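Okay, so here's the structure we're looking at.
The values are calculated or read from the model by the stated rules, or taken from the named source; none is laboratory data. This one's a predicted model, so the numbers in the text were calculated from it and none came from an experiment. Quick reminder, even Gly has a Cβ in these numbers, built from the backbone with ideal geometry, and neighbours come from all protein chains shown. The accessibility values were calculated without ligands, DNA or RNA, using every heavy atom of the protein model including side chains. Shrake-Rupley method; radii C 1.70, N 1.55, O 1.52, S 1.80 Å.
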Amino acid sequence: MNKFIQTSLLLTLTAYCSAEVLKNPTSYSSDLYKKVILNGNYDSSIDHPNIFLDFKYGERVASPEQIEHAINTYKQQSNKIKLVNYGTTHEGRPLHALIISSPDNIAQLDTIKENLSALSDGRTTNDREAKKIIDSLPAVAWMAYSIHGNETSGSDAALGLIYHLLASNDPEINNLLENMIIIVDPIMNPDGRARFVKSLEQYRGTAPNYDDQSLIHTGDWPYGRTNHYYFDLNRDWLYLTQPETQGRVALINEWKPQILVDAHEMGAQDTFMTGPAREPINKNMDRDLIKWGNIFAQDQGSEFDRRNWRFYTGEWHEDLYPGYSFYVNFRGTLGILYEQSRMAEDGVRRPEGTIQSYKESVHHQFVSSLTNLNTLLINSKNMYNDYWEGRKLNVSKESKWANQSFVILPTKNTSRINTIVDKLTSQNIEIFKNTKEIIVKNALKQSGDTIDELVIPIGSMIIPNRQPEAPLISAILEFDAEIDEEVLKKEREATLKDGSSIMYDTTAFNFTMMYGLDAVTVPEHINNNLSMWQPALVEIDVDDDAIMWIVEGEDDLSVSFAARLMEQGLQLRIVDKDINLSGKNLSRGSVVVIAMDNPGISELTSTIKRTAQNLNISVSSLFSGFGPEELPDWGGRHFRLLTKPQIAILSHEGFSSYDVGVSWWSLDHHLGIRHSQLNTSMIGYADLRRYNTLIMPSGYRSLDQNELSVLKDWVKQGGTLIANNSSTRMLISDKSITSIRDVSDSIENSHEYNIKLQREFLSKNISIDLDYVNNNKLTSDISYPWEESENRIDSDTLQKRDKWQSLFMPSGAFVSGRTDDKHWLTFGTINTLPLLYSNYPILMAGSGSKAVIRVGELTKNNNQDKYKTINWSDIPPGNELNVRMSGLVWPEASVRIANSAYLTQERYGKGQIILFSGEPNFRGSTLGTNRLWLNSVVYGSGLGTSPRIKP
Ligand SMILES: [Zn+2]
């Protein structure tokens, strides 16, 4: 017997034996909580949940498959249920909503939905009709559970609720079903729940574990909260990037429920929270709903009191960000949040020594659900009346939104426009195109400046704010969400006292800034010369006899087109300057396939055509490579050869799962090309030569010296290293791989950074005095920009100020990005690009590097006749700088980040390092900065490194 066989036999034997000797636990968690959740007089033809579980209902976490099995059985067993499949997750799990009501109501669902629709449009329905509809309508409730996969008790409560509603013979439940449509969305995130259930299985021992720090309670990276691509689905309700949210929102909007319950869990040592949010509350929200929220919370609180269960309302629950499930609050539906303290399996030991069992948390969610349904039953008609009044107001001249329109200016970025159209129409927002130029006064720009008179070009996208979804339109398109002075006071107090915050999410979120689209807000109701929005036509013209084929570079899909063709072995070029060929104007960044570059490719044109069809992007055939006058010709240096990217994402423990997930998703969703995800613990010994592009999502893992030197060697040999946020911070603090520094680390050299900045400013604004230049006599009259400033600040003061200013960094607000419009990284971006900004590293780019995007839009100000010094930098005369665009950016923070770089590019050996100060792909929704990242990933290996010729 050789040694290997011996060892493995031994291992098998050991495993077998130890399974035999496991001890029974000294107690079971079923001892902990004796109360019965499903306590009723039930119809025996409906299966009890225990039938579907391998444990007693409520004592453990049911898997998505177990709940699914129950749902499919109930569909067969009951005529009080209609099952709707509203989507499929990335991992192939079905997403189900169950419509539960009396059989009579179930037979009438279409009529009920039509009536709800009629009641939602004050333009086509009158008061008399509305009253009739309200009299006939049942109440409608949407009950949704466990959107965060590791917040499990909600879905278990849902399973019990479904059974209880279907099986109970109780007259109260019959009455409920006769008067109400209850839509149960039992597992909002089956992929996340499945991941967590798997970890419960893996970390389960023999004895119950009540220690909330142990792996069975926490799970491990990337945790169960998020979906397959590690997206937080409870931030996706407006941006609709994931199949779970897309299907769900379509169905909710069809049903227009009166309440939407969203059942979560929070910290294990907490209790239970529900009830209306505290400030800041988004000002567009229907105020009636706050009144109703209190009524529901009171009933729920009384029920908890009666049962001797602890709870609270408000506290940390705020509602400024409209992309939670509470987007429904802007559509007239009352959103109700549950937050149960989180425990998996057996229960959690609390500081007072008691153990709260999992079953009790399921019970809390179950009782809350039934209590809310009963409150709705009593108040439904009054809530419908309020709803109807609100819907009438939205379309009237009297609403606060009535005289406001949002305008998105025309762009060649057709795919991005199509995306915004898709998101807005998913929310039933009506959008138009102007067929004539429109002259408007006092249009508000994204920068916050107003234009006295603006001509809106033909073909702009017009969204008048006087329409049924007016509050939601305003919430997601207004440039700045209003925050009360009182809230700002409290926030500043928290910041100063201990660096905490009362803001729970980003304070800026509007669609046009997220998407990097130029837009204005017009203070009038635009309704003339409009036609319904029609998408631009796609023309795929791929002529076999052409010498080259080209797609427009401003369109984001051009990057996907390039990536997908390179993957199929084609040689591609990109034009780095605007061009005019065969009478066609195309922007820099346009992607070209030249027949001569691809002599060996059979079916060249059919490959191009198929790829364009898959992506739905226009292609033109060109028969001449001559560009008039100074414009580029096809054989010149502006037609730059690309290199196929071979991509790996560094991943796992230590990296932000959100940023890893969204990078991964971005490659799959936008490009659909092959790439690898590497466990970073492998970096020291993996064969990195397989990749020419490495992505480092934001992460907190410091590389050790060996790993760093492997990485450095790889870059030197021609690799492109792309890093975000905290990974950028790690690389710049190492100081050996990049010359970029954080502002706090560069104060001694601030003069050098200012000189580089002044060179950029001066190069953009050149005027030549011929006499002065051609004078042969030596002059002493030379201007040095840094000498013009009267207020240079010494290092010591800078240091102190920096430390103070660093207290006030934003957490998710827009600042303006000034783009280098010659650099390849900015293909397809607008000149002033909104940057979602938080407490990011503040990048200082010295002479060896390029600051591709800097913070601050330079605007004219003729009153400013001297250089103005802001921290380390000078603003030239005649100008001023706009930094804040939207959300909370304290003036201290604006000053601190002004003129720093958001994106840098720097050569290192034959390769390059591209650093993002922030997270350019945030939530899959910052399409403006996502484009920069896609450019870096797809074009980096060709445009920023030394070309490699294979021998
Ligand atoms: Zn949650």
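Side notes on the structure shown:
- Listed by first and then second residue, the pairs linking a residue in region 755-766 that is modelled with pLDDT of 90 or more to a residue that is part of a helix (DSSP H, G or I), with Cβ atoms under 6 Å apart and 6 or more places separating them unless they lie on different chains, are Gln758/Pro785.
- Residue under evaluation Leu334, criteria (1) closer than 24 Å to Thr926 by Cα; (2) crowded, with 21+ Cβ neighbours inside 10 Å; (3) more than 16 Å from the ligand (Cβ to nearest atom), criterion not met: (1)
- Exclusive hit being open to solvent by less than 40 Å² (accessible area, probe 1.4 Å) and under 15 Å from Lys412 (Cβ atoms), set Val542, Val591: Val591
- If you go through region 771-803 and pick out every residue that is modelled with pLDDT of 95 or more and hydrophobic (A, V, I, L, M, F, W, C), you end up with 1.
- Of everything listed in (1) within 16 Å of the ligand (Cβ to nearest atom); (2) in a strand (DSSP E or B), the single unmet condition for Thr245 is (2).
- Residues (outside any loop (DSSP other than H, G, I, E, B) and either more than 16 Å from Gln758 (Cα to Cα) or open to solvent by 90 Å² or more (accessible area, probe 1.4 Å) (or both)) located in region 779-794: Glu787
- Listed by position, the strands (runs of 3 or more DSSP E) contained in region 508-561 that have at least 3 residues being within 28 Å of the chain's Cα centre (by Cα) are 519-522.
- As a summary of the residue check, Phe326 satisfies the conditions (1) within 16 Å of the ligand (Cβ to nearest atom); (2) touching a helix residue (DSSP H, G or I) at 6+ places or on another chain (Cβ under 9 Å); (3) of a type in the set (Phe, Trp, Tyr) except for the one numbered (2).
- Only a single criterion out of (1) more than 16 Å from the ligand (Cβ to nearest atom); (2) open to solvent by 20 Å² or more (accessible area, probe 1.4 Å) is not satisfied by Trp316, namely (1).
- Residue list for region 197-233, filter: more than 21 Å from Val84 (Cα to Cα), touching a residue at least 24 places away in the same chain (Cβ under 8 Å) and assigned to a helix (DSSP H, G or I): Val197, Ser199, Leu200, Ile216, His217
- Any hit, region 822-842, residues being part of a strand (DSSP E or B), open to solvent by 40 Å² or more (accessible area, probe 1.4 Å) and either in contact with a Ser or Thr (Cβ under 7 Å, 6 or more places away or on another chain) or in contact (Cβ under 8 Å) with a residue 40 or more places away in the chain (or both): no
- Residue satisfying all of: in region 213-238; closer than 27 Å to Val328 by Cβ and away from the ligand (no atom under 16 Å from the Cβ); surrounded by the most Cβ atoms within 10 Å (Cβ to Cβ) among these: Leu238
- When each of Gly205, Gly122 is tested for being closer than 30 Å to Pro468 by Cα, more than 16 Å from the ligand (Cβ to nearest atom) and either open to solvent by 10 Å² or more (accessible area, probe 1.4 Å) or more than 24 Å from the chain's Cα centre (by Cα) (or both), the lone residue that passes is Gly122.
- The number of residues in region 256-293 that are away from the ligand (no atom under 16 Å from the Cβ), open to solvent by 10 Å² or more (accessible area, probe 1.4 Å) and part of a strand (DSSP E or B) comes to 3.
- Selection within region 932-943 - crowded, with 24+ Cβ neighbours inside 10 Å and more than 14 Å from Ala723 (Cβ to Cβ): Leu934, Asn935, Val938, Tyr939, Ser941
- Candidates in region 129-157 are the residues that are within 22 Å of Val328 (Cβ to Cβ) and part of a loop (DSSP other than H, G, I, E, B); of these, the one that is farthest from the ligand (Cβ to nearest atom) is Leu137.
- Answer from Leu177, Leu159 - the residue that is surrounded by 24 or more Cβ atoms within 10 Å (Cβ to Cβ), in contact (Cβ under 8 Å) with a residue 40 or more places away in the chain, at negative phi and not charged (D, E, K, R): Leu159
- Residues located in region 381-440, provided they are open to solvent by 30 Å² or more (accessible area, probe 1.4 Å), in contact with a Pro (Cβ under 7 Å, 6 or more places away or on another chain) and part of a helix (DSSP H, G or I): Asn418
- Conditions (1) on the phi > 0 side of the Ramachandran plot; (2) more than 16 Å from the ligand (Cβ to nearest atom); (3) in contact with a helix residue (DSSP H, G or I) (Cβ under 7 Å, 6 or more places away or on another chain); number of the one not met by Gly92: (3)
- Of all residues in region 676-700, those satisfying the criterion of being of a type in the set (D, E, K, R) and either without any contact (Cβ under 8 Å) to a residue 12 or more places away in the chain or out of contact with any Ser or Thr (no Cβ under 9 Å at 6 or more places or on another chain) (or both) are Asp687, Arg689.
- Residues of region 69-79 classified as touching a residue at least 40 places away in the same chain (Cβ under 8 Å) and open to solvent by less than 40 Å² (accessible area, probe 1.4 Å), total: 4
- Taking the criterion of being under 20 Å from Val937 (Cβ atoms) and open to solvent by 10 Å² or more (accessible area, probe 1.4 Å), the only residue of region 704-715 that qualifies is Trp714.
- Residue check, Tyr145 without any contact (Cβ under 8 Å) to a residue 24 or more places away in the chain and either under 35 Å from the mean Cα position of the chain (by Cα) or surrounded by fewer than 22 Cβ atoms within 10 Å (Cβ to Cβ) (or both): no
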